[in-house]
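Shown next, in structure tokens, is the structure this report addresses.
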Amino acid sequence: MNTTAHTDPSMVVAEMTDPYVENQEFPGIIYPTSVTATLAAFRRSFPDAARLVPEEDDGAAALSVHSRDYVDFVKEGAKRPEGATKFPLNVIALPELRVSEPRTFEGRHAGYFFDEVTHATPAVCAGALRSAAASRQGARRLAGMAAARPASPPLMLVPSRPPGHHALPAVGGGLCLFANAAIAARELSRGGRVAVLDIDQDHGNGTQAVFYDDPSVLTVSIHAEGWPHVAGFAEETGGPGAPHGNLNLPLPTGSGFAAYEPALETALEAIRRFDPAYLVLALGYDAQWEQGFGALRLESEDFAVLGRRIAGLRLPTLVTTEGCYGYYESTAVAATHFFDAWAEQWR
Ligand SMILES: [Zn+2]
């Protein structure tokens, strides 16, 4: 693995950033802001953080969570010439529709995504493969950092784009191709119990699906009622193998931080009770009121409370980046509040 900075065993804060993910402008509505604003804020709050660079892994990390045929499809998508696929496709290949096996890339695409906004362009596919690789390698490094027993719990940022928390094992959607938070959690679960906390405005349905019947990983999502409409309800508490392995805390649209804060406390209390060895945080900014779908109407300053309280768990933590709708300034302000508060809490 390449490392561009400190690799000493006392390392407590690091980022695992793929240069392609950091710099690529993706076509469509996958905004760079979640990565660029997060990195700027993180680097200001933690100026001594190690900067690690992941290696490409040819889809190996994605395979830890996703089906082989889906991963192969995304790998194929990464190799197609830009512009070769005509989006939107206007078909979602529900089982009832299918008479014959699809014969084109477009036809197969229609069976791999549950909505019509997710476009597997070459750049998006390449970013998904690299984000998945970075998530697993970031998890491995975080486990190594935690094993050195530093005075403060270690923190690892893995900027990921496209985002991941809506991606299911064999199907993508919601702009997500590979479930980065789940890939990190699966890797970390080799060394102990893992909690995933999802503070994106939308339900982390993909992460929930991956671990729904897995007692080694607790999945918690605080989100606005609504998208993706067919998951995210409070009664989804886990499968037969993990009857309390999932906690959904849906909030009414427009409810604001007065309703959010008690939900956050409920989430943190559930995580403390689960007593995990690691935390994976799916960090989205779209709960902020200025963002296009800011249904939870959080203020930028509320992200300081989120940073402080989540850091207060004092767990080795890996952060992935999720939703955001292109408002650089407000995202940057929220990210700065979040990481400044985290740094202060751990100082
Ligand atoms: Zn979202």
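The values are calculated or read from the model by the stated rules, or taken from the named source; none is laboratory data. This is a predicted model, so every value here is computed, not measured. When we count neighbours, we look across all protein chains shown, and the Cβ atoms used for this are built from the backbone with ideal geometry, even at glycine.
Observations on the structure shown:
- Condition check for Thr253: over 21 Å from Val158 (Cβ atoms), at pLDDT 95 or above and among the hydroxyl-bearing types (Ser, Thr, Tyr): no
- Which listed residue is buried (at least 24 other Cβ atoms within 10 Å of the Cβ), under 19 Å from Glu76 (Cβ atoms) and among the basic types (Lys, Arg), from Arg161, Arg130: Arg130
- Among the residues of the stretch 190-207, those identified as more than 12 Å from the ligand (Cβ to nearest atom) and either crowded, with 24+ Cβ neighbours inside 10 Å or acidic (Asp, Glu) (or both) are Val194, Ala195, Val196, Leu197, Thr207.
- Sole exception among (1) of a type in the set (Lys, Arg); (2) part of a helix (DSSP H, G or I); (3) within 16 Å of the ligand (Cβ to nearest atom) for Arg161, by number: (2)
- Hits in the stretch 107-146 (condition: among the β-branched types (Val, Ile, Thr) and assigned to a helix (DSSP H, G or I)): Val124
- Only one entry of Ala295, Ala267 meets the criterion of being closer than 16 Å to Ile222 by Cα and within 16 Å of the ligand (Cβ to nearest atom), and that entry is Ala295.
- Residue satisfying condition, being surrounded by fewer than 22 Cβ atoms within 10 Å (Cβ to Cβ), free of Cβ contacts under 8 Å to residues at least 24 places away in the same chain and assigned to a loop (DSSP other than H, G, I, E, B), within set Pro88, Pro150, Pro102, Pro169: Pro102
- Positions within the stretch 208-242 being under 19 Å from Gln288 (Cα atoms), crowded, with 18+ Cβ neighbours inside 10 Å and not aliphatic (A, V, I, L, M), in sequence order: Ser221, His223, Trp227
- Check on Glu187, in contact with a helix residue (DSSP H, G or I) (Cβ under 9 Å, 6 or more places away or on another chain), closer than 17 Å to Leu315 by Cα, at pLDDT 95 or above and more than 16 Å from the ligand (Cβ to nearest atom): yes
- Filtered by the rule that a residue be among the basic types (Lys, Arg) and either at positive phi or not in a loop (DSSP other than H, G, I, E, B) (or both), the stretch 67-85 gives Arg68, Lys75, Lys79.
- Scanning the stretch 283-308 for residues that are among the acidic types (Asp, Glu) and buried (at least 23 other Cβ atoms within 10 Å of the Cβ) yields one hit, Asp286.
- Cβ-Cβ under 8 Å pairs, at least 6 apart or on other chains, the stretch 185-209 side among the hydrophobic types (A, V, I, L, M, F, W, C), far side at pLDDT below 95: Ile199/Gly284; Ile199/Ala287
- A count restricted to the stretch 312-323 and to residues that are assigned to a loop (DSSP other than H, G, I, E, B) and either more than 16 Å from the ligand (Cβ to nearest atom) or among the small types (Gly, Ala, Ser) (or both) stands at 6.
- With respect to the conditions (1) within 16 Å of the ligand (Cβ to nearest atom); (2) in contact (Cβ under 8 Å) with a residue 40 or more places away in the chain, Ala231 falls short on a single one, namely (2).
Each row is one residue, and each column tells you yes or no for (1) touching a Gly at 6+ places or on another chain (Cβ under 6 Å); (2) in a helix (DSSP H, G or I); (3) surrounded by 20 or more Cβ atoms within 10 Å (Cβ to Cβ).
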site: Arg272; (1), (2), (3): no, yes, no
site: Leu281; (1), (2), (3): no, no, yes
site: Ile310; (1), (2), (3): no, yes, yes
site: Tyr325; (1), (2), (3): yes, no, yes
site: Ala332; (1), (2), (3): no, yes, no
site: Trp342; (1), (2), (3): yes, yes, yes
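- Within the stretch 1-19, tally of residues that are surrounded by 14 or more Cβ atoms within 10 Å (Cβ to Cβ) and at pLDDT 95 or above: 6
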